[in-house]
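Asks: Attaching a single structure in structure tokens format; questions to follow.
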Amino acid sequence: MPKNPIRKPLVAANWKMNTERAEAAALAKNVVDSIGRQYKVDVVLCPPYIWLHDVGMIIRDSNISLGAQNMHWEDKGAFTGEISSIMLKSIGCKYVIIGHSERRQLFGETDENVNKKLKKALTVVLMPIICLGETLEERESNRTAEIVTNQFRSAFDGISDFGGITIAYEPVWAIGTGRNATPQQAQEVHKILRQMLQNKTAEYENIRILYGGSVKPDNAAELYKQDDIDGFLVGGASLKAGDFAAIVQAAMI
Ligand code: PEP
């Protein structure tokens, strides 16, 4: 089936733990100057928590939205170092990344945590970008479909209304490695995810599935041509405004 135009493309920048204050401001300004007025692609910047306010002020009169890289599932309390969904809402976030593989692998985030965060994000009307994907070992032992299926089931356990939800397929072996999935490899998994959505909701054609993993200006267009790739979650290349803008451009075609 060809790409369904009902899904507006979305390209999100995950700055991870990068940028000092002045760099973050300059990067946000450059992104606004290059792609802040277009309306064909939903563009989201996810800076480190500490720059959410600064970046929010810089993008506020543009078509770019603010997102966070993580959140806690509780509203408040004795959770030193954590940030709640309510805090993110009150600083102007519209989106939140949940279950990024770095959170899962480096900080012990479980499928159960992802599900709790997702449910909380929906209750405060933050739009979650739910990340999932297999490791290299899992891919090489032909377990990709099984892994993403299990991650999908756990993440969306108890969810029937998918309004506002975005999924990001991010093969762990492609994140920050310079080795992207081929368009065919990505489409294969996106199709599985679309079918899983179809089993859950009549709205499955409306839900955006992003690809993430070493997306660059020179591979974005081929990836975006795939029927079920509705945009990108971009790490490294989002730290250069020109590269990020070129990736956004690739999702307009
Ligand atoms: C990411 O952090 O989600 C990511 C995809 O990183 P990179 O683009 O650097 O692979």
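The values are calculated or read from the model by the stated rules, or taken from the named source; none is laboratory data. The structure presented is a predicted model; accordingly, all values stated were derived computationally and were not measured. Every residue, glycine among them, receives a Cβ derived from its backbone with ideal geometry; neighbour counts consider all protein chains shown. Remember, those area values only see protein heavy atoms, side chains included, never the ligands or the DNA or RNA. Shrake-Rupley method; radii C 1.70, N 1.55, O 1.52, S 1.80 Å.
Asks: Lys and Arg at +1, Asp and Glu at -1: add these up for the other residues within a Cβ distance under 10 Å of residue 191 and post the number.
Replies: With Lys, Arg at +1 and Asp, Glu at -1, the neighbours total -2.
Asks: Next up: Ordered by residue, what ³J(HN,Hα) values in Hz, to whole numbers, does the stretch 24-39 give under the Karplus form 6.51 cos²θ - 1.76 cosθ + 1.60, where θ = phi - 60° and Gly and Pro are x?
Replies: 4, 5, 5, 5, 4, 4, 5, 5, 4, 4, 8, 9, x, 9, 6, 10
Asks: Something else about it: What's the local net charge at residue 15, with K and R +1, D and E -1, over the other residues with C-beta under 15 Å away?
Replies: Values: positive: 16, 21, 29, 103, 240; negative: 20, 23, 54, 102, 243.
Neighbourhood net charge equals 0.
Asks: Something else about it: If we count every other residue with Cβ under 12 angstrom of residue 167's Cβ, Lys/Arg +1 and Asp/Glu -1, where does the sum land?
Replies: Every neighbour counted, the sum reads +1.
Asks: Determine the gain in length on full extension of the stretch residue 160-residue 33; use 0.36 nm per residue of separation and subtract their C-alpha separation, reporting nm with one decimal.
Replies: The residue 160-residue 33 span can extend by a further 41.8 nm.
Asks: Ranked by accessible surface with a 1.4 Å probe, highest first, in what order do 85, 160, 65, 34 come?
Replies: Per-residue accessible area, sorted high to low, gives 160, 34, 65, 85.
Asks: HN-Hα J couplings of the stretch 220-234 from phi, Karplus 6.51/-1.76/1.60, θ = phi - 60°, integer Hz, Gly and Pro as x?
Replies: 5, 5, 5, 5, 5, 5, 5, 4, 10, 9, 9, x, 9, 10, 10
Asks: Suppose accessible area is computed on protein heavy atoms with a 1.4 Å probe; arrange 87, 17 from highest to lowest.
Replies: Accessible-area ranking of 87, 17, largest first: 17, 87.
Asks: Within the stretch 117-242, how many Lys pairs sit with Cα atoms under 30 Å apart, leaving out pairs fewer than 8 places apart on the same chain?
Replies: Counting lysine pairs in the stretch 117-242 gives 15.
Asks: Here's another thing I want to ask about it. Would you tell me the accessible area of residue 201, worked out with a 1.4 angstrom probe on the heavy atoms of the protein chains, in Å² to the nearest 10?
Replies: The accessible area of residue 201 comes to roughly 20 Å².
Asks: If you count only protein heavy atoms and use a 1.4 Å probe, how large is the accessible surface of residue 60, to the nearest 10 Å²?
Replies: Accessible surface of residue 60 is approximately 150 Å².
Asks: Would you calculate a helix-derived [θ] at 222 nm for the chain, using -39,500 (n - 2.57) for each DSSP H run of n ≥ 4 and dividing by the full residue count, to the nearest 500?
Replies: Rounded to the nearest 500, the figure is -12000 deg cm²/dmol.
Asks: Here's a follow-up. At a 1.4 Å probe, what is the % contribution of carbon and sulfur to the accessible area of the stretch 10-250?
Replies: 49
Asks: Also: Normalised by the residues of the stretch 1-113, what does the relative contact order come to in percent, with Cα pairs under 8 Å and at least six apart?
Replies: 22
Asks: Now for a different question. Take the Cβ-Cβ distance between residue 61 and residue 153 as r, set R0 to 51 Å, and report the resulting FRET efficiency rounded to the nearest 0.05. Mind dumping the intermediate values first?
Replies: Values: r = 41 Å, r/R0 = 0.81.
Given R0 = 51 Å and the Cβ-Cβ separation, E is 0.80.
Asks: Now for a separate question. Which of the three applies to the chain, rounded, prolate or oblate, going by the alpha-carbon gyration tensor with a ≥ b ≥ c and a/c under 1.5 meaning rounded?
Replies: It is rounded, given that a/c, with a ≥ b ≥ c, falls under 1.5.
Asks: Could I have the simple spin-label model distance between residue 200 and residue 49, label points 7 Å from Cα toward Cβ, reported in nm to one decimal?
Replies: In this crude spin-label approximation the distance works out to 2.6 nm.
Asks: Right, here's the next one. Using heavy-atom solvent-accessible surface (probe 1.4 Å) with all chains present, what is the largest-first order of 51, 173?
Replies: Final ranking, largest accessible area leading: 51, 173.
Asks: Under 8 Å for C-alpha pairs, at least 6 residues apart: give me the relative contact order for the stretch 10-250, rounded to a whole percent.
Replies: RCO, the stretch 10-250: 20 percent.
Asks: With every protein chain left in place, what is the accessible area per residue of the chain in square angstrom, probe 1.4 Å?
Replies: Here the residues of the chain average 46 Å² of exposed surface.
Asks: Ordered by residue, what ³J(HN,Hα) values in Hz, to whole numbers, does the stretch 88-94 give under the Karplus form 6.51 cos²θ - 1.76 cosθ + 1.60, where θ = phi - 60° and Gly and Pro are x?
Replies: 5, 4, 6, 9, x, 6, 10
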